Amino acid sequence: MKKLSKHSIKGFINYGLVIVLYIIFQILASAKVLTNSLQGLLVPICAYVVMALALNLVVGFSGELSLGHAGFMSVGAFTGVIIASSLKNLVPFGPARLILAIAGGAVLAAIAGVLIGVPVLRLRGDYLAIVTLAFGEIIKNIMNCMYIGVDSRGLHFSITDEASMGLEPGGTTIINGPMGALGITKISSFLAGIILIVITLFIIQNLVNSRAGRAIAGIRDNRIAAEACGIPVTKYKMMAFVTSSALAGAAGALYALNYSTVVPKKFDFNTSILILVFVVLGGIGNLTGSIIAAIILTVLPEVLRQFQDYRMLVYAIVLILVMIITNNEKASAFIKGLFSKKAKKEAA
Amino acid sequence: MTEIKAKKKQEVKLVSVPSPYIVPERNAGEPLVLEATHLGIDFGGLTAVDDFNLGMSKNEITGLIGPNGAGKTTVFNLLTKVYQQTRGTIFLGGKDTIGMSTTQMNRAGIARTFQNIRLFDSLSVEDNVKIGLHNSIDYGMWQGVFRTPAYRKQEKQAHEKAMELLSIFDMQDEANVPAGSLPYGAQRRLEIVRALATEPKVLLLDEPAAGMNPSETSELMDTISKIRDDFGIAILLIEHDMNLVMGICEGIVVLNFGRIIAKGTPSEIQNNPVVVEAYLGKNKENKEEKNPGKKGGKNR
Ligand SMILES: Nc1ncnc2c1ncn2[C@@H]1O[C@H](COP(=O)(O)OP(=O)(O)OP(=O)(O)O)[C@@H](O)[C@H]1O
Ligand SMILES: [Mg+2]
């Protein structure tokens, strides 16, 4: 009999967790228990979960720090919007357009990842953190002065104002500078988000447990030893970083196509840090933790809205508790103990 | 200790192939697998190694000895390009290695262990060995993600190969343990297995017996000889344990203040007044005081 490895068991747990969460949220939604605002959070939650998983590939498995992952999300978001808007007539079927938009967002974000990774990842030291930080800000500022529209002749660009795009009378403006993308048709759905999470888990988990994943983790654990084993360090750092960028781009497209408008300011430094917080709180290198942290910390501010005055206080306390529980061995052993006792009782 | 001495085998005669190299007589006509000429490196004003010459032929074991700080580990770092040399050349399998990186040196056939153990601590013992096997597997990233037949086949082969290599030191049972949680001696053995997994022509061992007790050391000696015979590779080892060095090395190179002060067979070295003065001491017992492997983090 073939024994299941520890890796594959862990992998199944994550798929199972996502599917169970999908069912729970679906039941809550159909029972009308979810408030409108929570209902509206379902797709963003999925996008943030994908972001957290993607960033964990860089921070947890590759051991590099990225402080600008929202920048890749932004590239994916606006690429996705442009693709979805300009294909409106060509591909009227929403889900098909969504797939194209997400794929396009992933590809462009991957290209951005290559452009950053090639010069930076060959250096030793934490240069990636600095450069990605700058990248996030640069993308935000570029998108702030981008005007993109579409008419029967195709796409039009400008970096000065809307009028200078020279759109035909029937043309539509897709991106309007600092006002961002307007008039987006919402084609994202909770189900699409869940599927994207499952695909993300599939890619990351299988990558991590392959030849490339071992090399990536080896470089993180001991760069010199990895080199002495004949591992090409830059190649594998690139692989992790670009894969992560592409997934972030996909998450961005999913996110943007859930709203009617998206502004470039949404994908700023604060968002990058928020995603990093999901990863750190969930436990570095811990995919299950990333999923749970991203969900809780996205839902929590919404749920606490009724306790207006104490909201940030409770938020802070929960942050601290989550950090203690996920990163402290004794605390997590205690929690596990609780669960296993429960399991034993149930079994008895 | 006497038991270890008893194992000492018939001493091999050394011959000079184009001087300044010496190799065992049986390899006299053979090409050198590793050849370092006039190798040297300066750190700022400090000359750590200077005019280092070494030729290694296949399946020979050579010892590199000398007092603490003599530059032994620095020689290893030069031979693996962890440091780029200031002077001199390194030929590996007859090819000049100028401009090559540590990664390329390993692919060209040189593998090593580290004085300050460098394992992939959070990975399992098996995965450590599999990283050593990295370049003998060739399925790509997407084949790994989609678990294609090539992935399955090669992973199975890698698993079998890793187990076979681990069996050299009877470590198959620890395959799933995180490398960082192994006892010290086992970590050193795992480093040797990992290095062997890269299929080297030359194996560099930096104080492989450090921290081991006499019986472990004696076992290690047998295994190193066996590895040499089974794999037919050249082994260069740094060691402070003179029983081990004198017991298994055919040739010995003595380093002091970054320069070679003597080379020859174990008995020649033991009776060389310069070496006795600089390192071995009049009374051989003082080697016990040398505390190998306990120095700070500078050694790579
Ligand atoms: N990166 C470095 N920068 C500056 N000096 C260095 C560096 N690496 C080694 N040295 C110096 O080179 C000399 C040789 O050091 P090395 O580690 O090679 O000695 P060793 O013979 O291996 O000693 P031990 O027996 O204690 O391991 C020492 O004086 C050391 O301080
Ligand atoms: Mg040393």
Study note, to complete from the structure: Checking segment B:128-164 for trypsin sites (Lys or Arg not before Pro) in a loop per DSSP with at most 15 other beta-carbon atoms within 10 Å yields B:R147
Study note, to complete from the structure: Taking N as the residue count of the protein assembly as shown, its alpha carbon Rg divided by 2.2 N^0.38 Å gives 1.18
**Study point:** Angle in degrees between helix A:233-256 and the longest Cα principal axis of chain A, rounded to the nearest 10
**Key:** 60
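Give the Rg/Rh ratio for segment A:186-287, taking Rg as the radius of gyration of the Cα atoms and Rh as the Kirkwood radius, to two decimals.
On the way: Rg = 16.4 Å, Rh = 15.7 Å.
Rg/Rh: 1.05.
Set the Förster distance to 56 Å, then compute FRET efficiency between A:N144 and B:T148 from the Cβ-Cβ distance, nearest 0.05.
Values: r = 44 Å, r/R0 = 0.79.
According to the calculation, E is roughly 0.80.
Need one word for segment B:1-137: rounded, prolate or oblate. Basis is the Cα gyration tensor (sqrt eigenvalues a ≥ b ≥ c); a/c below 1.5 gives rounded, then a/b vs b/c decides. Could you put the intermediate results ahead of the total?
Values: a/c = 1.36, a/b = 1.11, b/c = 1.22.
Since a/c stays below 1.5, the shape of segment B:1-137 is classed as rounded.
First compute the accessible area of chain A with a 1.4 Å probe, then give the percent of it belonging to carbon and sulfur atoms. Numbers along the way, then the final one.
Working: 11280 of 16240 Å².
Summing carbon and sulfur atoms, their accessible area is 69 percent of the total for chain A.
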Check your understanding: For chain B, what % of the accessible area comes from carbon and sulfur atoms, probe 1.4 Å?
Key -> 50
Check your understanding: Where does the protein assembly as shown land at 222 nm, in deg cm²/dmol rounded to the nearest 500, when only DSSP H runs of n ≥ 4 count, each adding -39500 (n - 2.57), divided by all residues?
Key -> -16500 deg cm²/dmol
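What percent do you get for the relative contact order of segment B:123-193 when only Cα pairs under 8 Å and 6+ apart count?
Values: 47 pairs, mean separation 34.6, N = 71.
Relative contact order for segment B:123-193 comes out at 49 percent.
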Review point. Around A:I187, what is the net charge, scoring Lys/Arg as +1 and Asp/Glu as -1 over all other residues with Cβ under 14 Å from its Cβ?
Key: +3
Exercise for review: Using only protein heavy atoms and a 1.4 angstrom probe, determine the accessible area buried between B and A, summed over both sides, in Å² to the nearest 100.
Suggested key: 2600
**Study point:** Under 16 Å from the A:F269 label point (7 Å along Cα→beta-carbon), backbone N, segment A:126-148
**Key:** A:129-142
Check your understanding: Which Cα, out of B:I252, B:Q104, B:G93, lies furthest along the positive dipole direction of chain B (beta carbon charges, K/R +1, D/E -1)?
Key -> B:Q104
Review point. When DSSP assigns beta bridges and you keep just the ones with both residues in chain B, what percent turn out antiparallel, to the nearest 5?
Key: 60
Point to revise | In range of the label at A:T172: residues from segment A:231-254 whose backbone nitrogen is under 19 Å from the point 7 Å along Cα→Cβ | key: A:253-254
Point to revise | Label point distance in nm, A:L115-B:V274, each placed 7 Å from Cα along Cα→Cβ | key: 6.2
Revision key, fill the gap. Square roots of five times the C-alpha gyration tensor eigenvalues of segment B:123-193, ordered largest first and given in whole Å, equal 25, 11, 10
**Study point:** Point-charge dipole on Cβ atoms (K/R +1, D/E -1) for the protein assembly as shown, about Cα centre, debye to 20
**Key:** 1300
Point to revise | Virtual spin-label span in nm between A:L34 and B:D42, 7 Å along Cα→Cβ | key: 7.0
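So what is the orientation-averaged projected area of chain B, using the convex hull of its C-alpha atoms, in nm²?
On the way: hull surface 64.9 nm².
Mean orientational projected area (chain B, Cα hull): 16.2 nm².
Per-residue counts of other Cβ atoms within 10 Å, averaged by peptide: what ranking do you get for A:187-196, A:144-153, A:67-76, highest first? Walk me through the numbers before you get to the answer.
Working: A:187-196: 20.5, A:144-153: 16.9, A:67-76: 31.5.
Listed from highest to lowest mean packing, they are A:67-76, A:187-196, A:144-153.
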Check your understanding: Any idea what the relative contact order of chain A is, in percent, if you count C-alpha pairs under 8 Å spaced at least 6 apart?
Key -> 29
Review point. Taking only Cα atoms, what is the 0 to 90° angle, nearest 10, from helix A:36-56's long axis to the longest principal axis of chain A?
Key: 70
**Study point:** Label-point separation in nm, A:Y127 to B:Q104, each point 7 Å along Cα→Cβ
**Key:** 1.9
Revision key, fill the gap. The pairs in B:K153/B:K226; B:K58/B:K201; B:K130/B:K156; B:K81/B:K201 lying past 19 Å Cα-Cα in this model are B:K153/B:K226
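Just tell me, in residue order, which DSSP H segments of chain B are both 24 angstrom or longer along the helix axis (alpha-carbon based) and at least 0.5 in mean Kyte-Doolittle hydropathy.
Working: long enough: B:149-166 (25 Å, -1.38); B:214-231 (25 Å, -0.77).
Both cut-offs are met by no helix.
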Revision key, fill the gap. Along principal axes, largest first, the alpha-carbon spread of chain A in whole Å comes out as 72, 57, 47
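The values are calculated or read from the model by the stated rules, or taken from the named source; none is laboratory data. Not measured: the values here are computed from a predicted model. Note: ideal-geometry Cβ built from the backbone for every residue, glycine included; neighbour counts use all protein chains shown. The area values use the complete protein model at the heavy-atom level, side chains included, leaving out ligands, DNA and RNA. Shrake-Rupley method; radii C 1.70, N 1.55, O 1.52, S 1.80 Å.
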